[in-house]
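J.: Next up is a structure, given as C-alpha cells.
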Amino acid sequence: MWFRLFSKPELQGGADRFSVLILSALVALLFPVAEAETREPVRVCTVDHLSREICLSRPAGRVVSLAPSLTEIVFALSGGNLLVGRTARCNHPLEASHVPAVGPYMSPDPERIIDLKPDLVLAPKDGTKKRMVTRLTDLGIPVFVEDCRNLDDISDLIQRLGRILDREREAARTIEQFDQQRKLVRERIQARKKPSVLFAVGSSPLVVVGGKSFLGCLIREAGGINVAENERIPFPKLSIEEVITKDPDIILVLDKELPKERCIETWSRHRSLKAVREGRIHVMNADLLARPSPRIVDGLRQLARIFHPSAFPRDE
Amino acid sequence: MRLNVLSRTMVVSMMFLGLLTVTTAVAVMVGTTSQDIIALLFSGAETEQAGRTWMILLEYRLPRTLLAVVVGAGLAVSGVVFQGVTRNPLAEPYLMGISAGAALGAVISITLSGEYQFFGTSVAAFLGGLVSVALVYGLVSVRKKGDYVNTVILAGVIVAALMNALMLLVMSVSSSHELQRILFWLMGDFSLADYQEVQVAGLFVAGGSIFIYAQANRLNLLIAGDETAAYLGVHVARTRTLLIIAGSLVTGAVVSVAGTVGFVGLVIPHVMRLLFGPDNRVLLPACFLGGASFLAAADCIARTAAYPLELPVGVVTALTGAPFFLYLLIRK
C-alpha cells in the first residue's frame with residue numbers, strides 16, 4: 001500500500017505483526033458463532049469481470065445487488081428469494097420493490113449493506129466506487145464486479161452468476177432463450193439494407209452513442225449503422241452541424257433527460273434532417289435499453305423493428 | 001480576571017477535547033440502521049446480531065468518524081496558517097491551488113483508468129495537489145521582487161484556474177458514470193473510509209500540526225508585519241516557506257483521502273478568532289479540536305439527516321456553519 005512508502009522498513013514489520021494480532025483477536029471476537037455452525041462443504045467458485053476469483057463456502061443465500069441489471073438477472077434466474085438488498089433504481093420486475101433498498105444507485109449506504117449480512121454483493125464496475133469494492137471485500141463480504149461490454153458478455157455473466165447462486169439449470173435455460181431470441185432477430189434482418197442511425201443520450205449538449213459503448217453494440221446487432229461508430233470515446237459529443245452533415249435515416253432519443261414530447265419537439269425544429277421529415281424519430285426507454293440484463297433482447301427486437309420495419313410485418 | 005496564555009490554552013483545549021469526545025461518541029452511536037447499542041454493550045451477548053453491530057460500529061462508523069475528525073482538524077489548522085502567512089482573511093487551505101490540483105489528479109485517475117489501475121484516486125489526488133503547490137511556489141520564488149503576499153495569492157488563483165481548465169478538459173471526454181463519480185469525489189466523501197486512510201492522513205495532520213504549533217509565536221510576529229518580525233529576530237522568508245509547506249502537506253493529505261470538503265478551513269479559524277482572540281498559541285489548538293468536532297458532527301448529520309439519501313458533507317458544513325458565523329460576526 002502506498003503509505004508504506006513513507007514508513008521505515010524496520011517499523012513496518014512490527015506494525016504489521018501488531019495489526020495481525022489485533023485483527024485475529026477481533027475476528028475471534030466477532031465470529032465465534034459462525035465458526036460453530038455446521039456446514040455442508042459445497043464450495044462454489046467463479047471469476048468476476050475483473051478476473052478476480054470469488055469463492056463461497058456454499059452457494060450464495062443472501063445477495064445484495066447494486067445495479068438494476070444485476071437485480072433483473074437474479075430474478076431471471078428465479079433467485080428473487082435470495083435477494084436481500086437492492087438499489088432504489090431497481091424497478092424491474094415488480095417483485096423487486098419488496099426487497100429492501102440500500103440507497104441510491106452509485107452511492108448505496110455501506111452501513112445498510114453490512115447490516116443485511118450478505119454473503120455476496122453484486123456490483124457494476126461503472127456504477128460502483130472502487131473503494132466500495134475494496135472496503136466490502138476487506139470486511140469479508142465477497143463482491144462480484146460485473147462489466148458487460150456487449151451481448152455475449154451478458155450470457156457469460158448469466159452463466160457465472162448461475163454457478164455462484166446455485167441456479168445453473170435456470171442459467172442454462174435463460175441463456176438458451178437469450179441466444180434463441182438473438183438468432184431470431186439476426187435471421188430476420190439478414191441481407192437487408194442497413195439504415196444509418198443516430199442515438200442521442202443527452203440533448204444539451206448533444207451526446208450520442210459511440211461504437212465503443214454497450215448501446216453502440218446493440219445498434220450493430222440490430223442491423224443499423226451508427227453514425228458515431230468510429231468515435232474514440234464511448235459517448236462522444238456532436239454538434240448539430242455534424243448531425244446535418246451525416247443526415248441519419250433514423251434518430252433515436254433516450255428518455256432519460258426529457259419527457260417524450262419534449263424530445264420529439266426539440267428535434268422537429270431541424271426540418272432539414274431526413275429523419276425529421278420522414279418522421280423517423282423514436283424515443284427509447286432507458287430502463288429497457290441501457291441495462292445489460294436478459295431483457296435486453298426485447299430492446300434488441302424493438303431496435304431491429306425500427307431499423308427494418310418490413311422485416312417485422314405484423315405486430316407480434 | 002485575565003489568564004495567561006498557557007492557562008487559556010489549557011482551558012480552551014480541555015473544553016474542545018470534551019466536545020470532540022462527545023461528538024465522536026454520538027456519531028458512532030447514531031446511524032442509518034437501528035441498533036440497540038446500549039442493550040448490546042451491557043448484555044455482553046455473543047450473538048450474530050451483536051457481531052454485526054460491532055462490525056458496523058468498529059468497521060464502518062468509527063473509521064468514518066475518525067477520518068472526519070482528522071480532516072476537520074487538518075483543514076482548520078492549515079486555514080489558520082494560510083490566513084496568517086498571507087495576512088488575508090479570505091485565505092483558506094485551498095489557496096495554493098491544492099484542491100484544483102488534487103481534483104485534476106482524481107479526475108484523471110477516475111476517467112483514464114476507471115480507478116482500477118495505477119495507484120488509485122488518493123495517490124493521484126495527492127500528487128496533483130503537490131504539483132499545484134510546487135508550481136505556485138516556483139512562481140513565487142522566481143519573482144523575487146514585489147509583494148510576497150500578493151504574488152502568492154495571484155499565483156495560487158492562476159494555477160488553480162489552469163488546473164480547473166485541465167480538469168474540465170478531461171471531464172469533457174468522460175462518460176456519465178464517470179462524471180457522477182467525479183462529482184461524488186468533488187463534494188467530499190467519507191462513506192468508505194478505512195483505518196489505513198485514517199492512519200495516513202492522521203500522520204500528516206498530527207506531524208504538520210505539531211510543527212505548526214511550534215511556530216505559533218513566529219506566526220504571531222509574521223502577522224504583525226514582515227519588518228516587525230525581522231526586527232524581533234524571525235527569519236521571515238524561511239519561516240513563511242516552512243509554514244506554507246507544512247500547511248500544504250496537511251491539506252494535500254487530507255484532500256487526497258476525503259475530497260474537497262469546503263468551508264471548514266475558511267470559517268473555523270474565523271469563528272475561533274472571534275471567540276478566543278487572534279493569538280495563534282491559543283487559536284491553533286482551538287482550531288485543531290474545534291474543526292475536528294465540527295466536521296465529525298457535520299458528517300454524522302450528512303449521513304443520517306436525509307435518510308435514505310446521504311447529503312454531501314460540504315453542504316452540511318456550509319448550511320450549519322454559515323448562519324452561526326454570521327451571528328458571531330454581527331454580535332461582536
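Derivation of every value follows stated rules applied to the coordinates shown; laboratory data play no part. Computed from a prediction, not measured in an experiment: that's the story for all the values here. Backbone-built Cβ (ideal geometry, glycine too); neighbour counts: all protein chains shown.
J.: Where is the GNM fluctuation largest for chain A (alpha-carbon springs, 10 angstrom cutoff): A:ILE73, A:ILE264, A:ILE244?
T.: Result for chain A, Cα springs under 10 Å: A:ILE244 fluctuates most.
J.: What value does region A:89-141 have for Rg/Rh, both radii from Cα atoms and Rh as Kirkwood defines it?
T.: 0.96
J.: Hey, another quick one. Would chain B count as rounded, prolate or oblate if I go by the C-alpha gyration tensor, calling it rounded below 1.5 in a/c and otherwise prolate when a/b exceeds b/c, oblate otherwise?
T.: Oblate, because a/c is 1.5 or more while a/b does not exceed b/c.
J.: What share of all Cα pairs of region A:172-214, in percent, falls into each consecutive 5 Å distance bin?
T.: Reading the bins upward from 0: 5, 16, 13, 14, 21, 14, 11, 5, 1.
J.: Follow-up question, since we're still on this one. Can you give me the Cα centroid spacing of region A:77-131 and region B:251-304 in angstrom?
T.: 35
J.: Taking Cα pairs under 8 Å and at least six residues apart, what relative contact order does region A:193-311 come out at, in percent? Please list the in-between numbers first.
T.: On the way: 191 pairs, mean separation 32.9, N = 119.
That works out to 28 percent.
J.: Rg and Dmax of region B:237-293, Cα atoms, in Å?
T.: 12.4, 33
J.: Also, quick follow-up: Which ordering of A:LYS193, A:LYS237, A:LYS129 is given by a fewest-first count of other beta-carbon atoms within 10 Å?
T.: By the 10 Å Cβ count, ascending: A:LYS193, A:LYS237, A:LYS129.
J.: If you don't mind, there's one more thing I want to ask. When a/c is below 1.5 the answer is rounded, else prolate if a/b is larger than b/c, else oblate, so apply that to region B:222-332 with a ≥ b ≥ c taken from the square roots of the Cα gyration tensor eigenvalues.
T.: Taking the square roots of the gyration eigenvalues as a ≥ b ≥ c, region B:222-332 is oblate.
J.: Calculate the FRET efficiency for A:ALA311 and B:ALA305 from the Cβ-Cβ distance with a Förster distance of 60 Å, rounded to the nearest 0.05.
T.: Numbers: r = 55 Å, r/R0 = 0.91.
The calculated FRET efficiency here is 0.65.
J.: Next up: Out of every Cα pair in chain A, what percent are spaced more than 29 Å from each other?
T.: 48
J.: Nearest 5 percent is fine: what portion of the DSSP beta bridges confined to the protein assembly as shown is antiparallel?
T.: Here the share of antiparallel DSSP bridges comes out near 25 percent.
J.: Let me ask another. Under the Kirkwood approximation for Rh and a Cα-based Rg, what ratio Rg/Rh is obtained for region A:247-289? Display every interim value, and only then the final one.
T.: Details: Rg = 10.3 Å, Rh = 10.5 Å.
Answer for region A:247-289: 0.97.
J.: Sticking with this one: Hey, got the average number of other protein chain Cβ atoms within 10 angstrom for residues in A:110-123?
T.: 4
J.: I would also like to ask the following. With a 10 Å cut-off between alpha carbons and a GNM built on chain A, which of A:LEU258, A:LEU161, A:LEU77 moves the most?
T.: Among A:LEU258, A:LEU161, A:LEU77, the largest GNM mean-square fluctuation belongs to A:LEU258.
J.: Kindly put B:PHE294, A:PHE312, A:PHE214, A:PHE235 in sequence by how many other C-beta atoms sit within 10 Å of each C-beta, fewest to most.
T.: Working: B:PHE294 29, A:PHE312 17, A:PHE214 20, A:PHE235 23.
Ranked by crowding around the Cβ, least crowded first: A:PHE312, A:PHE214, A:PHE235, B:PHE294.
J.: Efficiency by 1/(1 + (r/R0)^6): what FRET value for A:GLU241 and A:LYS193, r their Cβ-Cβ distance, R0 = 30 Å, to the nearest 0.05?
T.: After rounding to 0.05, the efficiency reads 0.70.
J.: Can you divide the C-alpha Rg of region B:51-181 by 2.2 N^0.38 Å and report the result to two decimal places?
T.: 1.27
J.: With a length cut of 18 Å (Cα positions projected on each helix's long axis) and a Kyte-Doolittle mean of at least 0.5, go through chain A and give me the DSSP H helices that pass.
T.: A:9-30
J.: Another question, if that's okay. I need the Kirkwood Rh of region B:172-246: take the reciprocal of the average 1/r across all distinct C-alpha pairs and report it in angstrom.
T.: For region B:172-246, the Kirkwood estimate is 15.7 Å.
J.: Hey, could you grab the Kirkwood Rh for region A:193-311? Inverse mean 1/r over distinct alpha carbon pairs, Å, one decimal.
T.: Taking the inverse mean of 1/r over all distinct Cα pairs, region A:193-311 comes out at 14.1 Å.
J.: For B:188-199, what's the mean count of beta carbons from other chains sitting within 10 Å of each residue's beta carbon?
T.: Average neighbour count from other chains, rounded to a whole number: 4.
J.: Please compute P(r) over all alpha-carbon pairs of region A:35-177, binned at 10 Å starting from zero, and give each bin as a whole-number percent.
T.: Binned Cα distances yield the sequence 12, 46, 36, 6, 0.
J.: Across all directions of projection, what mean area in square nanometres is found for the Cα convex hull of the protein assembly as shown? Provide the component values of the computation, followed by the final result.
T.: Numbers: hull surface 142.9 nm².
Orientation-averaged projected area of the Cα hull: 35.7 nm².
J.: A further question on this structure: Pairs to check: A:LYS117/A:LYS256; A:LYS183/A:LYS212; A:LYS212/A:LYS274; A:LYS125/A:LYS256; A:LYS237/A:LYS260. Give those whose C-alpha atoms are more than 30 Å from each other in this structure.
T.: Result: A:LYS117/A:LYS256 exceed 30 Å.
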